[in-house]
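These notes are about the structure you will find just below.
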Amino acid sequence: MLVAAPLVSRDAFFVDRIGRFLLLAVFALSVDLIWGYGGMFTFGQAAFFGGAGYAVGILSTREAGILPLPLAVSIVGAVAASALLALGISYFTFARRGGLRGVEFAVVTLAVSVALERLANAGGPVTGGQNGILMTYRLGPLHQAHGFYLLAAAILVLTYFGLKRYLRSRAGLVFRGIGQNEERVELLGYDVPRIKRWTFVLSGAIAGLAGSLFYLHEGIVSPAAVGVGSSTLVLLWVVLGGKGTLIGPIAGAVALPYLTARLSGTLLDTWLVVVGVILVVVILLIPAGIFGFLNRERVS
Amino acid sequence: MSVLSVSGLGKTFGGLKAVANVDLEVERGEMHGLIGANGAGKTTLLHLIYGRIRPDRGSIHFNGTDVTLLPVTARARMGMGLVFQIISVFDGLSVNENLLLGALPKDSTRSDSVDQIEVEKVIELVDLGAVRDRSAGKLGHGEKQRLEMGMVLLTRPTLLLLDEPTSGMTQAESRRTAGLLQTLRSEGAIDAAIVVEHNIEFIRLVADRVTVMHRGTVLAGGPIDEVQNDPAVQASFLGRLH
């Protein structure tokens, strides 16, 4: 309901806010793909989401050499930068011999997040240091209220159905198999590192697309965008909604930030406690998340 | 040419010689039983052949190719298939999806329909048609065993390696599995099989020749009726055959 409410709302602020949450939902889907379906727990997904924010900021705002680039080229460049970053990380983490799994993989992604946050802080005029980068480009009629909402909704719908199709495909079936029993898939003769690598790159590109538009719309990107805080927050949305379901992370990424925004206006001092309690209760009672629980009930 | 030729194979874990100087030949069309007491090195040998464990010495030739140092994935693609003792089907996927994972080509030159046709053949062979849409986690033990075998069969193995395939099965299920292996051979679906088993009745039903292992070495080899009369074998293990 919350997702569709802007279609009938005239409250530009509300519509704009839901548009932002829809891009966060795309970000959450990128995490769900590799963690919920592929079993790769990551603490560093903001590297791609926030990293794309920085890339689009640098490409479209800085004045040096061929810069600034046109907006569309900057967005494509930012998505490519996130995908390339994912590809680079994947060469270390999914090596044919000594590839990383479980906690080891999570620690490496955490380290990437910490390193990028420091780099953003120390990047001087390129990254804007602590102040980040102010972006002056606008997305034209798609920058505010209903236009922005429709843009975000279109990207979310395309991502949702694209991932649904991928997960039902041959390659997606193998990837889901990896999430359940990686060694077994390898023993069946599949090239597991290659499949993990390219799905990780896909996940990075999806996060990059969402991140580039999100921060263009925000008009600013700062070091926290690539940091551990952002990477952890998206995990909470996925857990709350239900990892391994496509609808769950969308619900989590819209409902939790919305709840946070509402409560922070009314419960000035205690809203964080209320959100924390809700999360703890949900995770304790239904560890599979809301939609994970509902799906299981429907199956059994 | 033998389907499999193992020569002087050895593997030591810490100070323990799990497999020591083992020679083994498996001919085309042969079902070969690998028997011995617990800790004799049967499963280690099977996993050395499949490449899950790397040997310290010796060589393994598969259809004339030296595969001693090749990884599991390469051996699987060359036509080796291992049916695990501990069932490792994908609990969260349906029976049909589990089988498709076995059937899908590791290259991508064939169409989806070809894969599904192969799944249909195997689903009938392992008798799981009635539960094809059920998630594998909800199957009974015998059904899971058959699914495990079905997945491996769909990788189109020419050499089938089975690690205690009747473990946990009822007598009727064991006989059914023996019938399945005989069908696979008579239809030419596999070139050869190696079966590690404690169930001697099952070995009698399926194996043409057996190799008896004891403390990592080969104690005796040949048709089971000959082997069971070997005094050394009787002293160490096969008293149980009588």
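For region A:86-131, how many residues meet the condition of being under 18 Å from A:ALA46 (Cβ atoms) and assigned to a helix (DSSP H, G or I)? Even if it seems obvious, please write down each step before you answer.
Looking only at region A:86-131, we keep the residues that are under 18 Å from A:ALA46 (Cβ atoms), and these are A:86-90, A:93, A:105-123, A:127-128, A:130.
From what's left, assigned to a helix (DSSP H, G or I): A:86-90, A:93, A:105-122, A:127, A:130.
Of the residues in that region, 26 qualify.
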*Please state which of the following conditions A:LYS164 fails to meet, knowing it meets all the rest: (1) more than 14 Å from chain B (Cβ to nearest Cβ); (2) buried (at least 20 other Cβ atoms within 10 Å of the Cβ); (3) of a type in the set (D, E, K, R).*
(2)
*So, of the residues in region A:63-81 that are in contact with a Ser or Thr (Cβ under 9 Å, 6 or more places away or on another chain) and surrounded by fewer than 16 Cβ atoms within 10 Å (Cβ to Cβ), which turns out to be modelled with the lowest pLDDT?*
A:LEU67
_Those residues of region A:242-253 which are crowded, with 24+ Cβ neighbours inside 10 Å and either of a type in the set (A, V, I, L, M) or assigned to a helix (DSSP H, G or I) (or both), in sequence order_ = A:GLY248, A:PRO249, A:ILE250, A:GLY252, A:ALA253
_I need the full set of residues from region B:95-138 which are at pLDDT 90 or above, more than 8 Å from chain A (Cβ to nearest Cβ) and surrounded by 14 or more Cβ atoms within 10 Å (Cβ to Cβ), in order please._
B:VAL95, B:ASN96, B:ASN98, B:LEU99, B:ILE123, B:LEU128, B:VAL131, B:ARG132, B:ARG134, B:ALA136, B:LYS138
*Just wondering, is there one or more residues in region A:215-228 that are modelled with pLDDT under 95, in contact with a strand residue (DSSP E or B) (Cβ under 7 Å, 6 or more places away or on another chain) and surrounded by fewer than 21 Cβ atoms within 10 Å (Cβ to Cβ)?*
yes
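Considering region B:163-191 alone, what residues qualify as being hydroxyl-bearing (Ser, Thr, Tyr) and assigned to a helix (DSSP H, G or I)? Before the answer, list the steps.
Kept after step one, since they are hydroxyl-bearing (Ser, Thr, Tyr), are these residues of region B:163-191: B:166-167, B:170, B:174, B:177, B:183, B:186.
Of everything in region B:163-191, those that are hydroxyl-bearing (Ser, Thr, Tyr) and assigned to a helix (DSSP H, G or I) turn out to be B:SER174, B:THR177, B:THR183, B:SER186.
Examine region B:46-57 for a residue that is on the phi < 0 side of the Ramachandran plot, away from every other protein chain (no Cβ under 14 Å) and within 20 Å of the chain's Cα centre (by Cα), and state whether such a residue exists.
Yes: one or more hits.
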*asked:* Looking at region B:186-202, I want the residues that are touching a residue at least 12 places away in the same chain (Cβ under 8 Å) and under 17 Å from B:SER5 (Cβ atoms) and have a partner that is buried (at least 21 other Cβ atoms within 10 Å of the Cβ) and hydroxyl-bearing (Ser, Thr, Tyr) with Cβ atoms under 9 Å, at least 6 apart or on another chain. Which pairs are those?
replied: B:ILE194/B:THR211
*Show the residue pairs that are 6+ apart or on different chains and have beta-carbon atoms under 7 Å apart, the first residue being within region A:82-93 and surrounded by 15 or more Cβ atoms within 10 Å (Cβ to Cβ), the second being not in a helix (DSSP H, G or I).*
A:THR93/A:GLY99; A:THR93/A:LEU100
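Among the residues that make up region A:172-191, is at least one of them away from every other protein chain (no Cβ under 14 Å) and in contact with a helix residue (DSSP H, G or I) (Cβ under 9 Å, 6 or more places away or on another chain)?
Step one: list which residues in region A:172-191 are away from every other protein chain (no Cβ under 14 Å), which gives none.
Looking through region A:172-191, none of the residues is away from every other protein chain (no Cβ under 14 Å) and in contact with a helix residue (DSSP H, G or I) (Cβ under 9 Å, 6 or more places away or on another chain).
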*Taking only pairs six or more apart or across chains, which ones have beta-carbon atoms under 7 Å, a first residue in region A:277-289 that is more than 18 Å from A:THR260 (Cα to Cα), and a second residue that is modelled with pLDDT under 85?*
A:ILE286/A:PHE293; A:ALA288/A:ARG296
*asked:* If I go through region B:58-94 residue by residue, how many of them are closer than 21 Å to B:LEU162 by Cβ, within 12 Å of chain A (Cβ to nearest Cβ) and assigned to a strand (DSSP E or B)?
replied: 4
_Single match in A:ARG62, A:ARG101, A:ARG20 (criterion: touching a residue at least 24 places away in the same chain (Cβ under 8 Å), among the basic types (Lys, Arg) and over 26 Å from A:GLY244 (Cα atoms))_ = A:ARG62
_Residues within region B:140-162 that are away from every other protein chain (no Cβ under 12 Å) and not in a helix (DSSP H, G or I), tallied_ = 5
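Checking the condition within 15 Å of A:VAL31 (Cα to Cα) and either among the small types (Gly, Ala, Ser) or away from every other protein chain (no Cβ under 14 Å) (or both), which residue from A:LEU150, A:LEU202 passes? Outline the logic, then answer.
Numbers: A:LEU150 fails: within 15 Å of A:VAL31 (Cα to Cα).
Answer to the check: A:LEU202.
The values are calculated or read from the model by the stated rules, or taken from the named source; none is laboratory data. Computed from a prediction, not measured in an experiment: that's the story for all the values here. For neighbour counting, all protein chains shown are included, and Cβ atoms are generated from backbone atoms with ideal geometry for every residue, glycine included.
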